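K.L.:
Below are the structure tokens for one structure; questions will follow.
The values are calculated or read from the model by the stated rules, or taken from the named source; none is laboratory data. None of the values given here were measured: they were computed from a predicted structure. Ideal geometry is used to build each Cβ from the backbone, glycine not excepted, and the neighbour counts take in all protein chains shown. We work out accessible area using only protein heavy atoms, side chains counted, and drop any ligands, DNA or RNA first. Shrake-Rupley method; radii C 1.70, N 1.55, O 1.52, S 1.80 Å.
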Amino acid sequence: MTPLLTRKKAAVVCLETTYGVAPPIEQGVLMLVTELTPTPYQGNTVERTRMRPEMGGFAQINTGPNTQLQLTVPWSGSGTAPVIGTSATAPALGLLLRACQMQEVEDLDAGEVTYTRASEEGDSVTIYYLHDGQQQRIKGVRGTVTGAGQSAGLPTLSFTMTGLYERPTAVAPITLTVENQADEVPVNFQNTSTFTVLGYEAIGQNLNFDLANTVTYRNLPNYEGVHITDSQPTGQVAFQAPRIAEFDVYQKVESHEVVTTGAVSFEHGTVPGNIVGLRAPKVQLAGMSEQDSDGITHYQCDARFLPLDGDDELVLYFK
């Protein structure tokens, strides 16, 4: 018996032009993946109960088979430097962001590609999950994303994607190469140029966000599909504790009399084509705890990303 090797995994993503209709794998984009965890077969279940004279279990029936795939990718740019006014290249991971109901916009004047959460239903993708000579085609995929920029670590985006179930099959090897995705660089003094919390230039330790999409699989007579029905982005920021005279964190987190909000921004990378960032214009720090880091006090604050004018609470950009 030839074993399936755990490390021999890959994911190829294709943008669907019609929901649930899979483009051929040859038209797809090979993702640069650091972690890949499938749940190949899941769904709500019922028991097929029977009255009988003896004891014993009952068969369990899946009433809506679907597939979930968790992918972690580097939070990095396309590797192609923008030309202001002429071109800006989207990263390969942008296909996954689009399937999380984020709208992709090329801002040529700024030389960047942005992704902003949208309230209207967005794109879907087909993901080909490849595992050591076997393939599972997952159509109609939509999902949600979290991001993390941890000091002294490598920045990542983690996707939880849900799609329609198909039984895996054995396949011949296919040759694809990773394109439009640069290698990530560590979060540190040399590479991370911006870490601001409500206007304060913080000595940053960690920033993370959760788009927090509600991803709903539906299986009904005459219909099967995956929808995003809600989104309330949250996150956390952790930074070296400032003196009250510098930045009064207590005044910022208090909400019993008035809610204080402000902008949070994070920019990482110094080489054009591999500069990434997050802009959030209206963030509430909703709680605070103390942490020790190298004998120095740090604060960790929960963050609520709130809309300013609507569908603008969280912008990811690549330039």
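K.L.:
Residue check, Leu198 against (1) at pLDDT 95 or above; (2) touching a helix residue (DSSP H, G or I) at 6+ places or on another chain (Cβ under 9 Å); (3) under 30 Å from Gln27 (Cα atoms), all met but one. Which one?
P.N.:
That leaves (3) as the condition not met.
K.L.:
Which of the residues spanning the range 156-181 are of a type in the set (D, E, K, R) and open to solvent by 70 Å² or more (accessible area, probe 1.4 Å)?
P.N.:
Let us first name the residues in the range 156-181 that are of a type in the set (D, E, K, R), namely 166-167, 179.
The answer is Arg167, Glu179.
K.L.:
Still on this structure: Taking Asp302 as the residue in question, decide whether it is of a type outside the set (Lys, Arg) and either open to solvent by less than 50 Å² (accessible area, probe 1.4 Å) or free of Cβ contacts under 8 Å to residues at least 24 places away in the same chain (or both).
P.N.:
Criteria not met by Asp302.
Condition check ((1) hydroxyl-bearing (Ser, Thr, Tyr); (2) at pLDDT below 95; (3) under 26 Å from Pro173 (Cα atoms)) across all residues:
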site: Met1; (1), (2), (3): no, yes, yes
site: Val12; (1), (2), (3): no, no, yes
site: Met31; (1), (2), (3): no, no, yes
site: Pro65; (1), (2), (3): no, no, no
site: Leu71; (1), (2), (3): no, no, yes
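K.L.:
Starting from the range 9-31, keep only residues that are farther than 14 Å from His131 by Cα, then list their pairs with residues that are among the hydrophobic types (A, V, I, L, M, F, W, C) and surrounded by fewer than 16 Cβ atoms within 10 Å (Cβ to Cβ) whose Cβ atoms are within a distance under 7 Å, requiring at least 6 positions of separation or different chains.
P.N.:
Partner pairs satisfying both residue conditions: Ile25/Ile174.
K.L.:
Being closer than 16 Å to Leu207 by Cβ and of a type in the set (Val, Ile, Thr) narrows it down to one of Val253, Val258, Val271, Val283, so name that one.
P.N.:
From the options Val253, Val258, Val271, Val283, the qualifying one is Val283.
K.L.:
Continuing with the same structure: When you check Pro38 against the structure, is it in contact (Cβ under 8 Å) with a residue 40 or more places away in the chain, in contact with a Leu (Cβ under 7 Å, 6 or more places away or on another chain) and more than 30 Å from Glu106 (Cβ to Cβ), yes or no?
P.N.:
For Pro38, the condition - in contact (Cβ under 8 Å) with a residue 40 or more places away in the chain, in contact with a Leu (Cβ under 7 Å, 6 or more places away or on another chain) and more than 30 Å from Glu106 (Cβ to Cβ) - is met.
K.L.:
Out of all the residues in the range 124-148, which are within 20 Å of Pro74 (Cα to Cα) and either of a type in the set (A, V, I, L, M, F, W, C) or crowded, with 24+ Cβ neighbours inside 10 Å (or both)?
P.N.:
Of everything in the range 124-148, those that are within 20 Å of Pro74 (Cα to Cα) and either of a type in the set (A, V, I, L, M, F, W, C) or crowded, with 24+ Cβ neighbours inside 10 Å (or both) turn out to be Val125, Ile127, Leu130, Arg142, Gly143, Val145, Ala148.
K.L.:
Related question: With (1) under 30 Å from Asn44 (Cβ atoms); (2) open to solvent by less than 40 Å² (accessible area, probe 1.4 Å) as the list, and Gly277 as the residue in question, which single condition is left unmet?
P.N.:
With (1) under 30 Å from Asn44 (Cβ atoms); (2) open to solvent by less than 40 Å² (accessible area, probe 1.4 Å) applied to Gly277, the lone miss is (1).
K.L.:
Something else now. If you take just the strands (runs of 3 or more DSSP E) that sit entirely in the range 207-289, which of them hold at least 1 residues that are farther than 25 Å from Thr126 by Cα and touching a residue at least 40 places away in the same chain (Cβ under 8 Å)?
P.N.:
234-240, 261-268
K.L.:
Report the residue count in the range 18-39 for those that are open to solvent by 60 Å² or more (accessible area, probe 1.4 Å) and either of a type in the set (A, V, I, L, M, F, W, C) or within 21 Å of Val215 (Cβ to Cβ) (or both).
P.N.:
The total comes to 5.
K.L.:
If you take the residues in the range 234-263 that are under 18 Å from Gln300 (Cβ atoms), open to solvent by less than 70 Å² (accessible area, probe 1.4 Å) and among the polar types (S, T, N, Q), which one is farthest from the chain's Cα centre (by Cα)? Give the derivation first.
P.N.:
Of the residues in the range 234-263, the ones under 18 Å from Gln300 (Cβ atoms) are 234-244, 246-255, 260, 262.
Okay, now just the ones that are also open to solvent by less than 70 Å² (accessible area, probe 1.4 Å), so 234-242, 247-249, 252-253, 255, 260, 262.
Those still in the list that are among the polar types (S, T, N, Q) too: 234, 236, 240, 255, 260.
Values: Thr234: 13, Gln236: 15, Gln240: 26, Ser255: 29, Thr260: 27 Å.
Per the criteria, the residue is Ser255.
K.L.:
Here are Gly85, Gly43, Gly64, Gly79: which of them is surrounded by fewer than 13 Cβ atoms within 10 Å (Cβ to Cβ) and either out of contact with any helix residue (DSSP H, G or I) (no Cβ under 9 Å at 6 or more places or on another chain) or among the hydroxyl-bearing types (Ser, Thr, Tyr) (or both)?
P.N.:
Gly85
K.L.:
Identify all residues within the range 108-123 that are closer than 20 Å to Asn274 by Cβ, touching a residue at least 60 places away in the same chain (Cβ under 8 Å) and either open to solvent by 50 Å² or more (accessible area, probe 1.4 Å) or hydroxyl-bearing (Ser, Thr, Tyr) (or both); write none if there are none.
P.N.:
Residues satisfying the conditions are Thr114, Tyr115.
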